[in-house]
Protein chains: 2
Amino acid sequence: MWLRPSARRERDAPPLSRDRITEEAVALLDAEGADRLTMRRLAERLGTGSTTLYWHVKTKDDVLDLALDKIFAEVEIPRKGGQGWRADITALVSGWRAVLLRHPWSAALLGRPMLGPNVLARSEFLYATLVETGVVEPHLTAAAYGLSNFVIGSGLMQATWPDNAKQPMLRDAREHLHANRERYPALAAHGPLVADGNWDAGFALGLGWLLDGIQANIASTDEEGGARA
Amino acid sequence: MWLRPSARRERDAPPLSRDRITEEAVALLDAEGADRLTMRRLAERLGTGSTTLYWHVKTKDDVLDLALDKIFAEVEIPRKGGQGWRADITALVSGWRAVLLRHPWSAALLGRPMLGPNVLARSEFLYATLVETGVVEPHLTAAAYGLSNFVIGSGLMQATWPDNAKQPMLRDAREHLHANRERYPALAAHGPLVADGNWDAGFALGLGWLLDGIQANIASTDEEGGARA
DNA sequence: CAGCTACCGGATCAACGATCCGGTGCCCGA
DNA sequence: TCGGGCACCGGATCGTTGATCCGGTAGCTG
């Protein structure tokens, strides 16, 4: 009784904030995955009751939105004017992809409007870079969305597909394909179940194709004559 | 008592099968969305008890997997040899995208291994077409995954983003961007919040870029010399 | 008619998201 | 110095969910 008062405040650091909740949510998601994130468990990790969270946050979806935006802060925004727009965009997009893979749970959450400050800052960089490069309207939107969609799709595909994690499942899938190789000859032969490492190369190739397409449609600074260097 | 026996069997059609469950699950998902799919509600629509479903299906995830594969059957597999590989792949991929948009709930489910027969059949066509065209290995995987990822990303983005459905949210987002136009000048100016219709054009452009990139790397029929145009 | 198999569902369990309502401690003005 | 208000916390609880236990029933087979 006499020793207990304000014991929490002294040891447990700040009295619980939206930031602390977000931070711990990301940690929990990283550690246990998306489906194991519970308001109760999150509260437990924070040393509080589950109901307390609802004072700082309206719903569980808010927590997910916050967590999703939080990890985007890890995507480093390239310093402009360095190596040219291709290098800048490649750097941004690669960093983005790396974050998606570092937090595999995020891939499943991409299906929600991303309007957090960190997400918007990265989108701003992407748009600004394209605009400065001379990409104009029909192609501007196509380029921005094309790149984003490509990254999102790649991240979703790779983060979801258990290449390293659940090896038994991958093996079962391979066996299934091989067992039905009459029905799926091309798949069984050149199987889509790539081994680790090939993901990166495939991503780089696809990204290059998109950048080539964008480059071919630059209006103003046609430094290269329309095609590629 | 005397009139009741076998009343169900006579009227309710087949005694409940995995197919009927899948079919009704798709209908329920189409009608009410992903989060409203409940084993109980699904059972109710089928005129049975919720527990009965578990005789035909192991978990709810099974239902989702089945539903996801089911809608892929709607993607028409082009008749080969018609207009050339670009037309074939464009047709497949466009149909795929159309299905994703026709069943918006599917976008959120793409984050699970897709190994159903319908999905595999479409992947088989994609791989086979690329192989026959002469796309070889480093580019083969990149092409197949690049196209898939692009479609998935586009579908996820568009199906999720409430362009038509939740108009208030879209308006709020626009206002938010405009209010912070100092922080996000490019976004506010050339806003990424496209109006309906532009989605299709953007998708077609991006797809064309990917196809161009693939075409430039075809080995056998090197109609273009190897590097680029 | 006995028994087996495919099929069904009420009752129940643990866990979840969310809310109600009653607490604490602390600070600020009188 | 005190008292009222405010930011913050959490036990108890509600309705709903996915899943399981266990006891049924219909119809065929021998």
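The values are calculated or read from the model by the stated rules, or taken from the named source; none is laboratory data. As the structure is a prediction and not an experimental result, all values here were calculated from the model. Cβ atoms come from the backbone with ideal geometry, glycine included; neighbour counts cover every protein chain shown.
Per-structure values
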quantity	calculated
Residues within the stretch A:131-147 that are part of a helix (DSSP H, G or I), at pLDDT below 95 and more than 7 Å from chain B (Cβ to nearest Cβ), tallied	3
Answer from A:67, A:31 - the residue that is within 17 Å of residue A:118 (Cβ to Cβ) and either modelled with pLDDT of 95 or more or more than 16 Å from DNA strand D (Cβ to nearest atom) (or both)	A:67
Selected residue (criterion: nearest to DNA strand C (Cβ to nearest atom)) from residues of the stretch B:59-116 that are among the basic types (Lys, Arg) and not in a helix (DSSP H, G or I)	B:112
Odd one out for residue B:154, checked against (1) at pLDDT 90 or above; (2) surrounded by fewer than 21 Cβ atoms within 10 Å (Cβ to Cβ)	(2)
Residue within the stretch A:69-91 that is surrounded by 14 or more Cβ atoms within 10 Å (Cβ to Cβ), polar (S, T, N, Q) and out of contact with any Gly (no Cβ under 8 Å at 6 or more places or on another chain) present	yes
Only one of B:94, B:123 that is among the polar types (S, T, N, Q), surrounded by fewer than 22 Cβ atoms within 10 Å (Cβ to Cβ) and at the interface with chain A (Cβ under 8 Å from one of its Cβ atoms)	B:123
Residue within the stretch A:29-47 that is away from DNA strand C (no atom under 12 Å from the Cβ) and among the acidic types (Asp, Glu) present	yes
Conditions (1) on the phi > 0 side of the Ramachandran plot; (2) at the interface with chain A (Cβ under 10 Å from one of its Cβ atoms): number failed by residue B:84	(2)
Subset of the stretch B:35-59 [more than 10 Å from DNA strand D (Cβ to nearest atom) and in contact (Cβ under 8 Å) with a residue 24 or more places away in the chain]	B:46, B:47, B:48, B:56
Qualifying residue in the stretch A:165-178 (condition: facing chain B (nearest Cβ under 7 Å), over 16 Å from the mean Cα position of the chain (by Cα), surrounded by fewer than 21 Cβ atoms within 10 Å (Cβ to Cβ) and over 29 Å from residue B:105 (Cβ atoms))	no
